[in-house]
Amino acid sequence: MTTLNQNATASGTEDARGRPDITADVVVIGGGSAGIGVVASLLKRAPDLQITLIEPNDQHYYQPAWTLVGGGAYDARKTVRPMSHVIPRGATWIKAAVVEVLPNGKRLKLSNGKSVAYRNLIVCPGLRLAWEKIEGLEQTLGKNGVTSNYRYDLCAYTWQLVQGLRKGKALFSQPGMPIKCAGAPQKALYLSCDHWQKSGVLQNMQVEFNLAGAALFGVPAFVPPLMKYIEKYQAQLVFGSNLVKVDGPSRTAWFESKDEHGAVIRQAKTFDMLHVVPAQVAPDFIRTSLLADAAGWCEVDPGTLQHSRYPDVFALGDVCSTSNAKTAAAARKQIVVVAENLMAARDNQPMPLRYDGYGSCPLTVEKGKVVLAEFGYGGKLLPTFPLDATVARKSAWFLKARFLPWFYWNGMLKGREWLTKLSKVG
Ligand code: FAD
């Protein structure tokens, strides 16, 4: 991996003739799960390919294990590595953020004032957690019993709160879809309740799950086994209830729902612990660009992952307009689709692979057992193993807590394309 010496390039802005500061062949925006994986897979296919990765952060995170950290089953420090250690050798790293995409001119503008011209662009900057949409939340996150497994620095606080509570009221929230790992809000609930049950205090707890939507899980086949755990933990489900405001010091949260006439009503609920999951949106520089669909996501063909209007652009990961579950598991398969299809498109060949919408949500229903939900477009079940996917299993916990983290760092980020069976076009 080379870090670009920015001083060696031309001035900080395009010159009078509109020449870019940096001219690149393949540019990848974002060094997350999708970005690092696709760089590695492209370099496996074409070691001489000139790839420029644009990523502002020093750290790379394995977010799927944050649920385990919040449940006391994983060390948070094992979920982070220096970005410089995960960027594949052979790629050039520009440590900056993209602030504007100009696909008609095949240009990008960066936070450091430089401009980049590309031949091919791969868009994978993930999504943005919109904490600000919940009034008062940002001031109280990480204190007053308010936490979220959606942030590295907070998931250990979740476990601290869970251990400290022996009686009282615990509220869990889930915003409207789409969100990354749609099962993560309820995984926090299950692992908390499992601890309270095993410590003999669950009967002193009032546990409530407020969901903005109308279903416990988007794929109906998984609802009955999950409902069994909701009943086991005596948790109350409140559908159509959206968290809009928090006051940490008074430990009060406000939820909006609609009455039978469709009028919005606001209800205050007190809590001893509040686990929040915020609404999630496309990054602003994508939402406001020509690459966006009406909802702001990067608009791609759901099969080929090529942009619908700009054929030199591909996208993968959470930023995509596709209807799959936004998960690292989805990125694992999308990486191969983009790597194969991009290389074919550069050679003016037909694109060989189609993404089937595969995503996976290992639902940690208790410490030691997981319901391994794997499904594709339209909720079609796509199990990797020939087992009843709706049964909670110890083997699936082992997969989630031991095998997948290892496989992530040593397989997916290194261009080893295990567990990525895909359909060919035609
Ligand atoms: P990310 O991994 O979020 O990476 C995006 C990258 O883009 C970041 O490095 C960021 O710094 C960079 N970036 C952002 N803006 C810019 C910019 N302007 N310019 C340049 N770079 C930029 N998935 C599973 O498969 N299984 C699970 O069990 C699971 N559980 C989860 C639990 C939690 C609590 C969370 C938070 C996530 C979970 N996920 C799970 C989801 C999974 O982590 C994401 O779907 C995955 O990380 C998406 O990869 P990505 O590369 O699209 O985005």
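The values are calculated or read from the model by the stated rules, or taken from the named source; none is laboratory data. Fair warning: this is a prediction, and the values are worked out from it, not measured in the lab. FYI the Cβ positions are ideal-geometry reconstructions off the backbone, even for glycines, and counts take in every protein chain you see. What goes into the accessible areas is simple: the full protein's heavy atoms, side chains included, and nothing from ligands, DNA or RNA. Shrake-Rupley method; radii C 1.70, N 1.55, O 1.52, S 1.80 Å.
Kindly state, as a whole number, the per residue volume in cubic angstrom of the convex hull around the alpha carbon atoms of segment 130-279.
111 Å³
Based on the inverse mean of 1/r over its pairs of different Cα atoms, what is the Kirkwood hydrodynamic radius of the chain, in Å?
Evaluated on the chain, it is 22.5 Å.
Once phi is turned into ³J(HN,Hα) by the Karplus curve 6.51 cos²θ - 1.76 cosθ + 1.60 with θ = phi - 60°, what whole-Hz value does each residue of segment 137-152 show in order, with x for glycine and proline?
Along segment 137-152, the couplings run 5, 4, 6, 10, 4, x, 8, 6, x, 9, 9, 7, 6, 7, 10, 3 Hz.
When only Cα pairs under 8 Å and 6 or more residues apart are kept, what is the percent relative contact order across segment 231-327?
After rounding, I find 14 percent.
What is the gain in length, in nm to one decimal, between ARG166 and GLN267 on full extension, counting 0.36 nm per residue of separation less the C-alpha to C-alpha distance?
Values: separation 101, 0.36 × 101 = 36.36 nm, distance 2.55 nm.
Difference between extended and current length: 33.8 nm.
Local charge sum around ASN149 (other residues, Cβ-Cβ under 13 Å, Lys/Arg +1, Asp/Glu -1)? It would help to have the intermediate numbers written out before the result.
On the way: positive: ARG151, LYS180, LYS187; negative: ASP153.
For residues surrounding ASN149, the net value is +2.
Could you work out how far the C-alpha centroid of segment 20-89 sits from that of segment 385-403, in angstrom?
Taking the Cα centre of segment 385-403 as reference, the centre of segment 20-89 is 27 Å away.
Give me a comma-separated list of calculated 3J(HN,Hα) values for segment 210-219, in order, Karplus coefficients 6.51, -1.76, 1.60 applied at θ = phi - 60°, integers in Hz, x for any Gly or Pro.
Per residue, the Karplus-derived 3J(HN,Hα) values read 9, 10, 5, x, 10, 9, 5, 8, x, 9 Hz.
Compute the accessible area per residue over the chain, keeping the other protein chains in place, probe 1.4 Å, unit Å². If you can, show how the numbers build up before the last one.
On the way: 17920 Å² over 426 residues.
Result: 42 Å² of accessible area for each residue.
So what are the three principal axis dimensions of segment 190-349 from its Cα atoms, in whole Å, longest to shortest?
Here the spans come out as 65, 36, 32 Å, largest first.
Distance in nm between label sites at ARG402 and VAL223, each 7 Å beyond Cα in the beta-carbon direction?
3.5 nm
Which whole-number percentage describes the relative contact order of the chain, with Cα contacts under 8 Å and a sequence gap of 6 or more?
17 percent
In the calculated pair distance distribution of segment 329-381, what percentage of Cα-Cα distances lie above 17 Å?
Result: 51 percent of Cα pairs exceed 17 Å.
How high is the FRET efficiency between SER199 and GLU231 when r is their beta carbon distance and R₀ equals 25 Å, given to the nearest 0.05?
The formula returns an efficiency of 0.80 here.
Which of the residue pairs LYS78/LYS369; LYS78/LYS198; LYS133/LYS169; LYS95/LYS414; LYS187/LYS245; LYS169/LYS380 have a Cα-Cα distance greater than 28 Å in the structure shown?
LYS169/LYS380
Could you tell me what percent of the DSSP beta bridges with both partners in segment 130-279 are antiparallel, to the nearest 5?
Counting DSSP beta bridges with both partners in segment 130-279, the antiparallel share is about 40 percent.
Among DSSP bridges having both ends in segment 7-150, what percentage is antiparallel? Round to the nearest 5.
Within segment 7-150, antiparallel bridges account for around 40 percent of the total.
Tell me what the chain gives for mean residue ellipticity at 222 nm when only DSSP H runs of n ≥ 4 count, each as -39,500 (n - 2.57), the sum divided by the residue total, rounded to 500 deg cm²/dmol.
-6500 deg cm²/dmol
Tell me, what ³J(HN,Hα) does each residue in segment 40-51 have, in order and in whole Hz, if you take phi through Karplus 6.51 cos²θ - 1.76 cosθ + 1.60 with θ = phi - 60° and put x for Gly and Pro?
5, 5, 5, 5, 5, 6, 9, x, 8, 4, 8, 10
Please state, rounded to one decimal and in Å, the Kirkwood hydrodynamic radius that segment 315-426 gives when every pair of distinct Cα atoms enters the mean of 1/r.
Details: mean 1/r = 0.0668 Å⁻¹.
Computed over segment 315-426, the radius equals 15.0 Å.
Under 20 Å from a label point 7 Å along Cα→Cβ of ASP284: give me every residue in segment 130-163 with its amide N that close.
130-139
Pop the C-beta distance of LYS258 and VAL391 into the FRET formula with R0 = 56 Å and round what comes out to the nearest 0.05.
Efficiency, rounded to the nearest 0.05: 0.95.
Report for the chain the percent antiparallel among DSSP-assigned beta bridges with both residues inside it, nearest 5.
Working: 37 of 75 bridges.
The antiparallel proportion sits near 50 percent.
So, with a 1.4 angstrom probe, what is the percent of accessible area on the chain that is carbon and sulfur?
After summing per-atom areas, the C and S share lands at 51 percent.
Would you give the gap between the C-alpha center of segment 176-215 and the C-alpha center of segment 261-319, rounded to a whole Å?
Their Cα centres are 23 Å away from one another.
According to the square roots a ≥ b ≥ c of the eigenvalues of the Cα gyration tensor, what is the shape class of segment 234-275, taking rounded for a/c under 1.5, prolate for a/b larger than b/c otherwise, and oblate for the remainder?
oblate
Tell me the net charge near PRO82. Cut-off is 13 Å between Cβ atoms, PRO82 excluded, with +1 for each Lys or Arg and -1 for each Asp or Glu.
+1
So, by mean Cβ neighbours within 10 angstrom, what's the order for 333-344, 273-284 with the highest one leading?
Values: 333-344: 24.6, 273-284: 21.9.
Top to bottom by mean Cβ count within 10 Å: 333-344, 273-284.
Can you compute the FRET efficiency between ASP312 and MET177 using 1/(1 + (r/R0)^6), with r the Cβ-Cβ distance and R0 = 35 Å? Round to the nearest 0.05.
0.70
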